[in-house]
Amino acid sequence: MKVLLIGANGQVGKRIVRLLKDSNDHTLRAMVRSEEQAEALKNSGMEAVISNLEGSVEEIAEAIKGSDAVIFTAGSGSKTGPDKTLLVDLDGAVKSMEAAEMAGAKRYVMVSAFQAHNRDSWKDSPIKPYMVVKHYADRILMTTDLNYTIVRPGGLINENGTGRVAAAENLDRGTISREDVARTVVASLTEENTYKRSFDLMSGDSTVEEALKNL
């Protein structure tokens with residue numbers, strides 16, 4: 001599968017890049033915002049394209065063209081304000097969905113946020129604006145014709161992955177390594193049991209493959 005990764009320079013994105021670089025099943029094109037980021041990826045043997053989620057749908061579609069799947073793991077970052085959260089995590093995400101449809105990339109995997117589907121879970125959250133944005137981006141994705149998967153990871157940590165996770169519609173809050181999130185995202189690309197599905201993701205006892213098959 002030819003995969004376009006949006007957010008390749010992020011912490012989860014970098015781990016997805018490494019997995020896809022070594023994959024025998026997929027090829028990767030990484031979408032980044034700057035020439036410097038693109039050159040770094042190209043120097044490591046990866047295909048990279050420069051585009052911006054604050055640009056037009058047509059520009060993003062041009063970056064996606066030729067791909068079978070899109071992975072969205074971009075984010076405005078914790079140091080930006082609500083304006084960038086709206087522009088990148090909501091409007092940028094929706095533009096990438098429209099662009100995927102325009103470019104003919106049918107498969108779309110969204111890295112969302114834990115319990116983003118459940119308003120009650122984040123009513124008192126200090127990052128409530130971010131959760132609201134993720135909630136509505138996910139809801140819009142579900143209305144598209146894309147063959148989507150929405151992965152909602154819990155608290156992200158930088159420890160080495162274990163390859164053991166728990167995946168379900170609703171889980172108690174916990175943590176998961178960014179490496180295991182990346183593994184789950186890549187595994188979900190071709191796992192039919194994740195098609196048109198969304199789920200919470202935590203560290204657990206099952207292998208990634210087992211967890212996805214048993215959703």
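None of the figures in this text is laboratory data; all of them are computed from the coordinates on show. As the structure is a computational prediction, the values presented were derived from the model and not from experiment. Glycine gets a Cβ as well: all are built from the backbone with ideal geometry, and neighbour counts include every protein chain shown.
Computed quantities for the displayed model
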| item | result |
| --- | --- |
| Extended-chain gain in nm, criterion 0.36 nm per residue less alpha-carbon gap, L215 and R139 | 25.4 nm |
| Local electrostatic count at I60 - Lys and Arg +1, Asp and Glu -1, tallied over other residues with Cβ under 13 Å | -3 |
| Extension gain (nm, one decimal) between D91 and K128, 0.36 nm per residue minus Cα-Cα | 11.6 nm |
| Global geometry of the range 94-202, whether rounded, prolate or oblate, following the gyration tensor of its Cα atoms and the 1.5 cut on a/c | oblate |
| Ellipsoid semi-axes in whole angstrom, largest first, where each is sqrt(5λ) of the Cα gyration tensor of the range 37-97 | 22, 16, 9 |
| Local net charge near E47, Cβ-Cβ under 12 Å (Lys/Arg +1, Asp/Glu -1) | +4 |
| Packing-based ranking, highest mean first, of 182-189, 25-32 given that Cβ atoms within 10 Å are counted | 182-189, 25-32 |
| Charge sum, other residues only, whose C-beta stays under 10 Å from G154's C-beta, Lys/Arg counted +1 and Asp/Glu -1 | 0 |
| Fewest-first ranking of S51, S34, using other Cβ atoms within 10 Å as the exposure measure | S34, S51 |
| Sparse-neighbour loop sites [trypsin sites (Lys or Arg not before Pro); the range 112-164; at most 12 other C-beta within 10 Å; DSSP] | K123 |
| Potential extension, D83-N158 segment - 0.36 nm per residue separation minus Cα distance | 24.3 nm |
| Spacing of the two label points (7 Å from each Cα toward its C-beta) at A40 and D205, in nm | 4.0 |
| Projected area, mean over directions - the chain, Cα convex hull, nm² | 10.9 |
| P(r) histogram, all alpha-carbon pairs of the range 95-141 included - 5 Å bins from 0, percent | 5, 21, 27, 16, 12, 10, 6, 2 |
| Listed pairs K42/K106; K128/K213; K42/K213 exceeding 28 Å between Cα atoms | K128/K213; K42/K213 |
| K2 long-range amide H proximity, modeled H, under 5 Å | T27, D68, A69 |
| Overall Cα dimensions of the range 144-215 - principal axes, largest extent first, Å | 36, 20, 19 |
